[in-house]
């Protein structure tokens, strides 16, 4: 298969125009000893063969659509309305470049502007950028931004319940700086305090109290907030958040083995010049017609080079479009309703599993979408057993090694995830299967 | 509402109107302390499904895209995005697979990643590849951090400076700054190459490495690349390859053979995955023996029993992204490699270079290339030959009137009034001819009727926008404002 | 009023006990429409030739370098809302800050004539 339209005649015509005999002559600047090496990649296939091969690979994976699914841990199975992929499949959107030429990019620009507005509504924040690679990268960039905003302060302080892989990403991003990551509460040496709502283990946090404590220490308050949960839980913006980050995957984006996701990033007007990433603004042309344009570009790498606020040069444009379509399709009531449904189902599941003999859930604090189930046996073994029946009961937390900044997870802890996709009957089946686990009943 | 009748989603909204309806709850409502609950609902749109589809369909028509027009953006490789890639990425085993699946239940994904790592490494002559980075700049950050860790692990801690040619993308200096290095600019010589004499002066024990885009952003292959690399190696520095322009050299030369230590690929350029209006991309990073143990992890390896498994390189710089890279983009790129094969990839590069030289030869008498050499997959001209008082930006905007997307303009920075054209291999000779003819017409207009260029574009929904107002009176989210 | 210039295009002039500083007419013209000025903080110690602020146009952001060594005594808060004053009145209403400095630092700068001569070599 080739997408090359040049016929032999075209090639000859082009070579003739150039006064050349063979295309190889165009590569004479390349050192001869290295020119035209052996390349051990098989010849191309027909489209039919390609699809067969890809189908074979795809079939060797477990699709969540063919199982009873309670596995989350940062990537979630939510319902994706048909309209989302219908819009994303329009070539005018997905084959467009970054909208640097606003006159011929108003479609992408207006869609991103509306995306920014919707995320701003969910988070209660003034400024939302046009997105980052994923939630983890957004959080790491937020930490770097806090260091820029608070010169002289070198600590990045993490609340308990930050996703272990996010912490790993932050460690990589901060490898160079003199910054120190620690767990606890902010003090006068802290550039920022970062909390997640809900936390990695599904705990709903008291943002107001955490924000006040953080600001009393003079640190920036950073909240990593789930955008769907934010339609039901208190907005970070109403609790004094200086920066809000999030993973937008729950908003109409397939799990796709963990990527592409959608890094959300919001801040206040006051801090806009310290913000990384591109942002869309609305302005006018000479005729007074409203139009959108990429703005505040003087912060960015293509202008500011080594003094830029980040090296980021792309965004997750198409994923931001997916989130916008998702939010608009469900609308005001549908998004709030889904967010509430997830809460109710999580509570139902937590209570149901807590009542099982040998299992327990700490119900002393509220949880959203996920909760830790203490199993009577290693969680890995429980999950393994249930998977044989096509039930994925959750994530065994023992997979995460103990980190100096993260929680120390126990072998018998299973992180159970419940979304609007799980019916009551499915939750009951999960409970039954857990109860029937051979080490499960006393 | 703007001029051609595209309202904002909020202007289309009516209180109580529903689009997609959610299922009724089948569980009891649960209690929650008031302090955790938001007080007022987010003011999201309330539109019908038909209005929603019309809204986005209309918006889409305001975009130029590869599907609708020639898109000669230099350095961006706007080639055709094959439809089969879109279909394979949506196969349920890929799209509905979860990153925390047990490895035994994700063998298809792992095999795909393993094969893609292998093919990318083979194509560019490297030992190992990490698929983690989500974009080119992310790959750059990875590579620079790898070089940093390499020096540190040898106790070589005095290397604080990184060399960047003056023709480089802005991401290069920004990436080295993020990794804590001082960016030191290297000038170009009068043939558009890195100035070797200047490089030799700069190379000392304070140099951690150099970032080289080859072919460079002038569309030229570095004629002294072997000497450049050996000069940097001789002072103890390592060499980073920015693979932004890899589309010129697939199957023609392997950067690993030239002595590069680490390089990133832009799957959204060279390997045909869509740009998506700004992303998502993917920027896998490859390493030679010197750096393969430092790659960001995890990578996919193969066990003795033939199964595929995640492995962490011995001295890895760590993780750059949660989960497994932009996997959906990787599926598309692998589909493309299977479709073209080794032979097709080489043919693609040859055609891309032939097309660029052909196009240049059709316009060089009116828009001479800045360096008079054979170009690779793109060429850089200057708008200085336009009529009095007419700038490259005017030419770019006038191209819109003729139905073409403008080329990259004002980059690279070292060419005044730069105009950077990359046709790619997927455009027919008829399109190249039509574009060349249009450029010629516009150059003539710039001399005879310059006002046509100054006011361009004339037919779009909006004309040139007031970017000063956009910053001074920022409107970054404002319901119903558009 | 004697006005003296730095090679980085900032000017300074004596005003009472202090020196008033700004961006030269030549530089504001080069930068184009100024959309934002990041001012130094009052009370901050500044060093001649070291960055002490940023001037931003739509397509560029440039560091401002302190023309003098000393301490920032006042900044032009009007620039927060009207950064365009640097364009319209670079030597007067568009002043950037006042610095408490010594005469040595001031006399190290170029005179107006020297600066004019210096500018001749700037445009190529």
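Find the all-direction average of the projected area of the Cα convex hull for region B:85-339, expressing the result in square nanometres with one decimal place. Write out the running numbers ahead of the final one.
Working: hull surface 53.6 nm².
Computed as one quarter of the Cα hull surface, the answer is 13.4 nm².
Here the scattering of region A:1-159 is modelled by Debye summation over its C-alpha atoms, one equal scatterer each and no solvent; at q = 0.09, 0.17, 0.20 Å⁻¹ the log10 of I(q)/I(0) is -0.73, -1.25, -1.39. Considering only Cα atoms, the convex hull volume of chain A works out to 211 Å³ per residue.
With semi-axes defined as the square roots of five times the eigenvalues of the C-alpha gyration tensor, the equivalent ellipsoid of region B:407-461 measures 21, 18, 12 Å, largest first. Restricting the calculation to alpha carbons of chain C gives Rg and Dmax of 13.3, 39 angstrom.
With all pairs of separate Cα atoms included, chain B yields a Kirkwood hydrodynamic radius of 24.9 Å.
For residue A:52 and residue C:113, the FRET efficiency from 1/(1 + (r/R0)^6), where r spans their Cβ atoms and R0 equals 60 Å, is about 0.15. Note on region A:342-442: Cα-only Rg and Dmax are 12.9, 40 Å.
Nearest 5 percent is fine: what portion of the DSSP beta bridges confined to the protein assembly as shown is antiparallel?
70 percent
The antiparallel fraction among DSSP beta bridges confined to chain A stands at about 55%. In region B:343-454 the Cα-Cα distances spread across 5 Å bins starting at 0 as 2, 13, 23, 25, 19, 10, 5, 2, 1, 0 percent of all pairs. Counting only alpha carbon atoms, the long axis of helix A:317-354 and the longest principal axis of chain A meet at about 20°. The Kirkwood hydrodynamic radius of the protein assembly as shown, based on inverse pair distances between different Cα atoms, is 29.9 Å. In this calculation the C-beta distance from residue C:80 to residue C:44 is compared with R0 = 25 Å, giving a FRET efficiency of 0.90. Considering every Cα-Cα pair within region A:84-323, what fraction, in whole percent, is farther apart than 29 Å? I get 25 percent for the Cα pairs in region A:84-323 exceeding 29 Å.
If the viscosity is 1.306 mPa s and the temperature 10 °C, what Stokes-Einstein diffusion coefficient in µm²/s follows for region B:59-138 when Rh is the Kirkwood radius over Cα pairs?
Here the translational diffusion coefficient equals 100 µm²/s.
Would you please give the FRET efficiency between residue A:180 and residue A:16, computed as 1/(1 + (r/R0)^6) with r the Cβ-Cβ distance and R0 = 56 Å, to the nearest 0.05?
Plugging the Cβ-Cβ distance into 1/(1 + (r/R0)^6) gives 0.30.
Projecting label points 7 angstrom from Cα along Cα→Cβ for residue A:435 and residue B:166 puts them 7.8 nm apart. Estimated purely from DSSP H runs of n ≥ 4, each contributing -39500 (n - 2.57), the mean residue ellipticity at 222 nm for chain B is -10500 deg cm²/dmol once divided by its residues. Give me the percent relative contact order of chain B, please, defined on Cα pairs under 8 angstrom at least 6 residues apart. Taking the mean separation of contacting Cα pairs over the length of chain B, I get 19 percent. Note on region B:244-273 and region A:15-60: Cα centroid distance 13 Å, given to the nearest whole angstrom.
Return the equivalent ellipsoid semi-axes of region B:131-187 as a descending list in whole Å, where each equals the square root of 5 times an eigenvalue of the C-alpha gyration tensor.
After scaling each eigenvalue by five and taking roots: 19, 17, 7 Å.
Potential lengthening of the chain between residue A:8 and residue A:189 amounts to 58.3 nm, from the contour at 0.36 nm per residue minus the alpha-carbon distance. The mean number of partner chain beta-carbon atoms within 10 angstrom of a residue's beta-carbon across peptide B:8-20 is 5. Compute the angle between helix A:424-435 and the longest alpha-carbon principal axis of chain A, please, reported from 0 to 90 degrees and rounded to the nearest 10. That helix lies at roughly 70 degrees to the long axis. Between region A:103-118 and region B:395-444, what is the separation of their alpha carbon centroids in Å? Going from one Cα centre to the other spans 25 Å. With each label modelled as a point 7 angstrom along the Cα→C-beta vector, the residue B:302-residue A:28 pair spans 4.2 nm. Approximating the spin labels as points 7 Å out from Cα along Cα→Cβ, the residue B:310-to-residue B:290 distance works out to 3.0 nm.
None of the figures in this text is laboratory data; all of them are computed from the coordinates on show. Remember, predicted model here, so these are calculated numbers, not experimental data. Positions of Cβ are backbone-derived with ideal geometry, glycine not excepted, and every protein chain shown enters the neighbour counts.
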